[in-house]
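*Asks:* Take this structure first; my questions come after.
The values are calculated or read from the model by the stated rules, or taken from the named source; none is laboratory data. As the structure is a prediction and not an experimental result, all values here were calculated from the model. Glycine also receives a Cβ, built like all others from the backbone with ideal geometry; neighbour counts cover every protein chain displayed. When the accessible area is computed, the model is the full protein with side chains, heavy atoms only, and any ligands, DNA or RNA have been set aside. Shrake-Rupley method; radii C 1.70, N 1.55, O 1.52, S 1.80 Å.
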Amino acid sequence: DTEVTQTPKHLVMGMTNKKSLKCEQHMGHRAMYWYKQKAKKPPELMFVYSYEKLSINESVPSRFSPECPNSSLLNLHLHALQPEDSALYLCASSQEDFGGNIQYFGAGTRLSVL
Amino acid sequence: AQKITQTQPGMFVQEKEAVTLDCTYDTSDQSYGLFWYKQPSSGEMIFLIYQGSYDEQNATEGRYSLNFQKARKSANLVISASQLGDSAMYFCAMREGNFGNEKLTFGTGTRLTIIP
């Protein structure tokens, strides 16, 4: 089972709203990732959590706030977003092994900021 | 400088034919990983195949094989006997760094369309 579950699938929010994206995996993976994908572009890394600690922040604006409450759950809190933040947000997880530390992705949350 | 280059924005292939998607990469690391992902219009990134930089044999997974030429820094994906369900966007990606501090960098992708 290589399932990563993301909720909600779609989200529409105003620039003054506060919302959260959720990502869950039950594969025992100890690294989790957030990516942002604009239309017709490749995914771009935002954050990496390793063993529930933030290890990489790719200079993401503070209006995006990640949280890793436990090893199975990753949240992305959104506040005061801009229309240019509209994108597909993908979550992934991986474990350290001899098979490449493959990152398995969820189906994503399509975010529209009005 | 781009680390992953996919030079084919789009490809059209007849059903049941084989197709090769090109990918070249650039890194000064000795240890790295190369991946191919498929992204249908639904948005999910589906892992297809992995090749480690120290692997001497080309990776294979069912109808997918990776033609790894280290000296040329290329990692082309070969899909044999293409099917209509193979129509999707395909991304080549490179992993650098150690576990917990890994970065996956994607190419710009190739949109593959299988013609009946």
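*Asks:* Go through region B:56-72 and give me each residue that's under 18 Å from B:TYR37 (Cβ atoms), open to solvent by 70 Å² or more (accessible area, probe 1.4 Å) and touching a residue at least 12 places away in the same chain (Cβ under 8 Å).
*Replies:* Passing the criteria: only B:GLU61.
*Asks:* B:ASN98 - would you say it is closer than 25 Å to B:ASP55 by Cα and at the interface with another protein chain (Cβ under 9 Å from one of its Cβ atoms)?
*Replies:* Working: closer than 25 Å to B:ASP55 by Cα: yes; at the interface with another protein chain (Cβ under 9 Å from one of its Cβ atoms): yes.
For B:ASN98, the condition - closer than 25 Å to B:ASP55 by Cα and at the interface with another protein chain (Cβ under 9 Å from one of its Cβ atoms) - is met.
*Asks:* Another question, if that's okay. Quick test of your reading of the structure: A:SER72 fulfils all but one of (1) touching a residue at least 24 places away in the same chain (Cβ under 8 Å); (2) under 23 Å from A:GLY100 (Cβ atoms); (3) surrounded by 13 or more Cβ atoms within 10 Å (Cβ to Cβ); (4) within 14 Å of another protein chain (Cβ to nearest Cβ). Name the failing condition by number.
*Replies:* (4)
*Asks:* Please work out which one of (1) open to solvent by 20 Å² or more (accessible area, probe 1.4 Å); (2) at pLDDT 95 or above; (3) polar (S, T, N, Q); (4) within 26 Å of A:ALA107 (Cα to Cα) is the condition B:THR24 fails and give its number.
*Replies:* All conditions are met except number (4).
*Asks:* Checking the condition modelled with pLDDT under 95 and either touching an Asp or Glu at 6+ places or on another chain (Cβ under 7 Å) or under 30 Å from A:LYS36 (Cβ atoms) (or both), which residue from B:TYR64, B:TYR32 passes? Spell out the reasoning first.
*Replies:* Values: B:TYR64 fails: modelled with pLDDT under 95.
Selected residue: B:TYR32, the only one of B:TYR64, B:TYR32 that is modelled with pLDDT under 95 and either touching an Asp or Glu at 6+ places or on another chain (Cβ under 7 Å) or under 30 Å from A:LYS36 (Cβ atoms) (or both).
*Asks:* So B:MET89 ticks every box in (1) open to solvent by 50 Å² or more (accessible area, probe 1.4 Å); (2) in contact (Cβ under 8 Å) with a residue 24 or more places away in the chain but one. Which box is left unticked?
*Replies:* Tallying (1) open to solvent by 50 Å² or more (accessible area, probe 1.4 Å); (2) in contact (Cβ under 8 Å) with a residue 24 or more places away in the chain, B:MET89 fails exactly one: (1).
*Asks:* Is it the case that some residue within region A:16-25 is out of contact with any Ser or Thr (no Cβ under 6 Å at 6 or more places or on another chain), within 14 Å of chain B (Cβ to nearest Cβ) and either in contact (Cβ under 8 Å) with a residue 24 or more places away in the chain or not basic (Lys, Arg) (or both)? Show your work before the answer.
*Replies:* Start the filter on region A:16-25 by keeping residues that are out of contact with any Ser or Thr (no Cβ under 6 Å at 6 or more places or on another chain), which leaves A:16-20, A:23.
Checking the rest, the ones that are also within 14 Å of chain B (Cβ to nearest Cβ) come to A:23.
Within this subset, residues satisfying the condition of being either in contact (Cβ under 8 Å) with a residue 24 or more places away in the chain or not basic (Lys, Arg) (or both) are A:23.
Within region A:16-25 (the criterion being out of contact with any Ser or Thr (no Cβ under 6 Å at 6 or more places or on another chain), within 14 Å of chain B (Cβ to nearest Cβ) and either in contact (Cβ under 8 Å) with a residue 24 or more places away in the chain or not basic (Lys, Arg) (or both)), the answer is yes, since at least one residue qualifies.
*Asks:* Take the conditions over 17 Å from A:GLY99 (Cβ atoms), surrounded by 15 or more Cβ atoms within 10 Å (Cβ to Cβ) and more than 10 Å from chain A (Cβ to nearest Cβ) and apply them to B:THR110. Does it pass? Spell out how you get there, then give the answer.
*Replies:* Numbers: over 17 Å from A:GLY99 (Cβ atoms): yes; surrounded by 15 or more Cβ atoms within 10 Å (Cβ to Cβ): yes; more than 10 Å from chain A (Cβ to nearest Cβ): yes.
Answer is yes for this residue.
*Asks:* Take the residues of region A:1-44 that are outside any loop (DSSP other than H, G, I, E, B) and small (Gly, Ala, Ser): which is least open to solvent (accessible area, probe 1.4 Å)? Steps first, please.
*Replies:* Taking region A:1-44 and keeping what is outside any loop (DSSP other than H, G, I, E, B), we get A:4-7, A:10-13, A:18-25, A:31-37, A:44.
Next cut, small (Gly, Ala, Ser) only: A:20, A:31.
Numbers: A:SER20: 62, A:ALA31: 0 Å².
Step by step, filter region A:1-44, then rank; the result is A:ALA31.
*Asks:* A follow-up question, please. Does A:GLN103 satisfy the criteria of being at the interface with another protein chain (Cβ under 10 Å from one of its Cβ atoms), closer than 23 Å to B:PHE35 by Cβ and either crowded, with 20+ Cβ neighbours inside 10 Å or among the basic types (Lys, Arg) (or both)?
*Replies:* When the stated conditions are applied, A:GLN103 passes them.
*Asks:* Could I ask something else about it? Do you know which of the residues in region B:28-52 that are surrounded by fewer than 16 Cβ atoms within 10 Å (Cβ to Cβ) and more than 9 Å from chain A (Cβ to nearest Cβ) is farthest from B:LYS73 (Cα to Cα)?
*Replies:* Step by step, filter region B:28-52, then rank; the result is B:SER41.
*Asks:* I'd like to verify a number: residues in region A:43-70 that are within 18 Å of A:VAL113 (Cβ to Cβ) and among the acidic types (Asp, Glu), how many?
*Replies:* Adding up the residues that qualify gives 1.
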